[in-house]
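Student: Sharing a structure here in structure tokens format.
The values are calculated or read from the model by the stated rules, or taken from the named source; none is laboratory data. Since this is a predicted model, take the numbers as computed values, not measurements. Quick reminder, even Gly has a Cβ in these numbers, built from the backbone with ideal geometry, and neighbours come from all protein chains shown.
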Amino acid sequence: MLDEDSGSEEAGDWNSQSYDFVLVTPPANGIVGVDPDYALPGSQDYWKGVFIAGRTVKLSPYMIDKTEVTYELWYSVLKWNTDNGKGYVFANKGLEGWDGTGGGGTYPNYANIGKPPTENKNHPVTMVSWRDCIVWCNAYTEMTNGSDEQCIYRKSKTDSTVLKNATDGAACDSAYADMNKKGFRLPTEAEWEYAARRQNDNTNATDYGEGGSEVWLTKLNSASGAKDKWDTAETGEVAWYWDNSGHKTHTVGKKRANALGLHDMSGNIWEWCFDWWNNNPTANDSAYMQGGIVTDPQGGASGAGRVLRGGSWGNYASYCTVGKRYDYSPGRRHGALGVRLACRP
């Protein structure tokens, strides 16, 4: 199925898990889109990512997790919610990675759904929908911060009710992300792609800088952190995919990290992003335009699917490239879908 970047550093913050996050400071003048002058795995525009020619994107500094959310962490938040009667409701309780069986049963009612962690506790959580993930982010924020004041996902821009029910599809799908809050959230697609592609030099990279500055991003036809294109041995150095995964997930963080110190940005599992999907990543740019620069975009105004990035254990290497865009219905789940966290510095 499925201005020059200052680099990154481990950053402290109000949350107790901040040592797992990397601070990302994108260029102050924006990321200037470039049309690739090399072959892509496919001819369609969805192999070209979001930093396309004619588009300049400016991103605020953000933090992103070094690894995908593990089942152990996911389960701990669900247990906290149940034990303390916090009222968060999940449509799907999650699965400890994917071993090809789900412990028995058939989709979506696998035997191990929502069970306590086992020896595979550090595999990524799977079988969770986009809706589950935004509600879980709010729950994790409250668990960590002691209140829901910093929760990101609200009912609307004018109704600050914290979203707590993943079974309420209409409310979740119209979620407002209050980016002034410091809670946990999904990365936007542009944040995800920048973090996946950022390089320290021109090794297998293209310059996306403005006015002579250098902003090196991994080529669109390569996996995150790879030193060569998708159909070389480099993909296996940084990603779990169909040819080397044994058709299952693996413990997070075992493959070589990219230049920012992030693991598994390609392969292992697809990662949900906040954005509504649109075939044309510029379709809603007018909503984010500031002085001719697209600033902190969050995707389409509406849609049928939410963005997925990164590829998975169940895909060929071409789907694990940093330029490949994909989407999935926000209420659906799969053994190759999971989540990585982001937050404000």
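Student: Filter the range 39-85 for residues that are among the acidic types (Asp, Glu), over 19 Å from the mean Cα position of the chain (by Cα) and under 23 Å from Asp296 (Cβ atoms) and give the result.
Tutor: The one that is among the acidic types (Asp, Glu), over 19 Å from the mean Cα position of the chain (by Cα) and under 23 Å from Asp296 (Cβ atoms): Asp45.
Student: Can you give me the number of residues within the range 264-290 that are surrounded by fewer than 24 Cβ atoms within 10 Å (Cβ to Cβ), outside any helix (DSSP H, G or I) and not aromatic (Phe, Trp, Tyr)?
Tutor: 8
Student: Also, quick follow-up: Given the conditions (1) in contact with a strand residue (DSSP E or B) (Cβ under 6 Å, 6 or more places away or on another chain); (2) hydrophobic (A, V, I, L, M, F, W, C); (3) in a loop (DSSP other than H, G, I, E, B), which single one is not true for Ala53?
Tutor: (1)
Student: Can I ask one more? Given the criteria more than 22 Å from His247 (Cβ to Cβ), at pLDDT 95 or above and in contact with a Phe, Trp or Tyr (Cβ under 9 Å, 6 or more places away or on another chain), does Lys115 qualify?
Tutor: no
Student: Now for a different question. Listed residues Lys248, Lys229, Lys254; which is over 26 Å from Pro61 (Cβ atoms) and buried (at least 20 other Cβ atoms within 10 Å of the Cβ)?
Tutor: Lys229
Student: Here's something else I'd like to know. Hey, Glu237 hits all of (1) of a type in the set (Asp, Glu); (2) part of a helix (DSSP H, G or I); (3) crowded, with 23+ Cβ neighbours inside 10 Å but one; which does it fall short on?
Tutor: All conditions pass for Glu237, except number (3).
Student: For the list (1) crowded, with 19+ Cβ neighbours inside 10 Å; (2) more than 26 Å from Lys219 (Cβ to Cβ), I need the number of the one condition that Gly331 fails.
Tutor: It is condition (1) that Gly331 fails.
Student: Please tell me if Thr232 is of a type in the set (Ser, Thr, Tyr) and closer than 28 Å to Cys343 by Cα.
Tutor: Spelling it out, it is not the case that Thr232 is of a type in the set (Ser, Thr, Tyr) and closer than 28 Å to Cys343 by Cα.
Student: Please work out which one of (1) assigned to a loop (DSSP other than H, G, I, E, B); (2) touching a strand residue (DSSP E or B) at 6+ places or on another chain (Cβ under 6 Å) is the condition Cys133 fails and give its number.
Tutor: (1)
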